[in-house]
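The values are calculated or read from the model by the stated rules, or taken from the named source; none is laboratory data. None of these values were measured; they are calculated from a predicted model. Please note: Cβ atoms are built from the backbone with ideal geometry, for glycine as well, and neighbour counts cover all protein chains shown.
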Amino acid sequence: MLLLVDNGSVFTKDIANTLSNSGIKFDQKSSDQINLDDISDYDSFILSGRRNNDSQMNAKNSKIILHAVNEKKKLLGICYGAEILALALGGTIRKSSVIRGEQEIISNDNTLCEGKNTVFESHSYEISKLGSSLDVIAESENCKNEIVKHKELLIYGTQFHPEMTKDGQSMIEKFVKL
């Protein structure tokens with residue numbers, strides 16, 4: 001069973017719609033509703049974006065990421081979810097100019113997407129440095145870390161919001177089917 005962690009993004013409903021339209025069974029809970037003792041009940045996780053910075057939310061998402069790594073479970077971090085993934089695994093983020101709108105990314109890996117894809121950006125922070133366990137598998141003119149992947153596990157982060165374009169929705173579907 002998949003757990004969709006709602007970190008307050010205005011786009012979380014679009015992630016849920018993508019999952020529902022694909023026939024995926026999932027639970028959706030806001031980060032403050034999640035009991036960390038219950039996360040072992042799930043085999044995969046999607047971490048949504050966020051609106052506001054919150055230290056308790058950051059701590060809970062970090063623990064979910066470390067649980068996924070330690071238990072070798074699938075995880076997809078979206079926008080903030082990718083940023084907290086990078087931070088939890090030894091990377092850094094930085095303030096960036098606000099990027100909003102469609103962007104073309106180029107992927108060198110065919111797991112989630114291949115070649116050029118159109119995605120939707122809406123962020124003011126970005127991953128600036130990856131920890132040693134993550135690799136870049138897609139980039140754009142504006143961002144060199146558009147999609148990151150754990151070197152050994154099915155753990156991914158997208159700096160963009162895949163739920164907002166057809167190409168991106170396909171990436172979510174491919175992630176769930178891995």
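Criterion applied to Ala68, Ala82 was being in contact (Cβ under 8 Å) with a residue 40 or more places away in the chain, hydrophobic (A, V, I, L, M, F, W, C) and within 23 Å of Met164 (Cβ to Cβ), and the one residue passing it is Ala82.
Of the residues making up the range 143-154, at least one is among the basic types (Lys, Arg), modelled with pLDDT of 95 or more, over 23 Å from Gln56 (Cβ atoms) and touching a Phe, Trp or Tyr at 6+ places or on another chain (Cβ under 6 Å).
Number of residues in the range 11-23 that are more than 11 Å from Glu163 (Cα to Cα) and either part of a loop (DSSP other than H, G, I, E, B) or touching a Cys at 6+ places or on another chain (Cβ under 6 Å) (or both): the value is 2. Within the range 53-88, the set of residues being in a helix (DSSP H, G or I), among the β-branched types (Val, Ile, Thr) and within 16 Å of Ser9 (Cβ to Cβ) comprises Ile64, Ile84. Within the range 91-122, take every residue that is outside any strand (DSSP E or B) and not hydrophobic (A, V, I, L, M, F, W, C) and give me the one that is surrounded by the fewest Cβ atoms within 10 Å (Cβ to Cβ). Out of the qualifying residues, it is Asn110. Number of residues in the range 123-143 that are free of Cβ contacts under 8 Å to residues at least 40 places away in the same chain and either of a type in the set (Phe, Trp, Tyr) or loosely packed, with under 15 Cβ neighbours inside 10 Å (or both): the value is 3. Scanning the range 1-22 for residues being among the polar types (S, T, N, Q), closer than 17 Å to Ser170 by Cα and either surrounded by 16 or more Cβ atoms within 10 Å (Cβ to Cβ) or in contact with a helix residue (DSSP H, G or I) (Cβ under 7 Å, 6 or more places away or on another chain) (or both) gives a total of 3.
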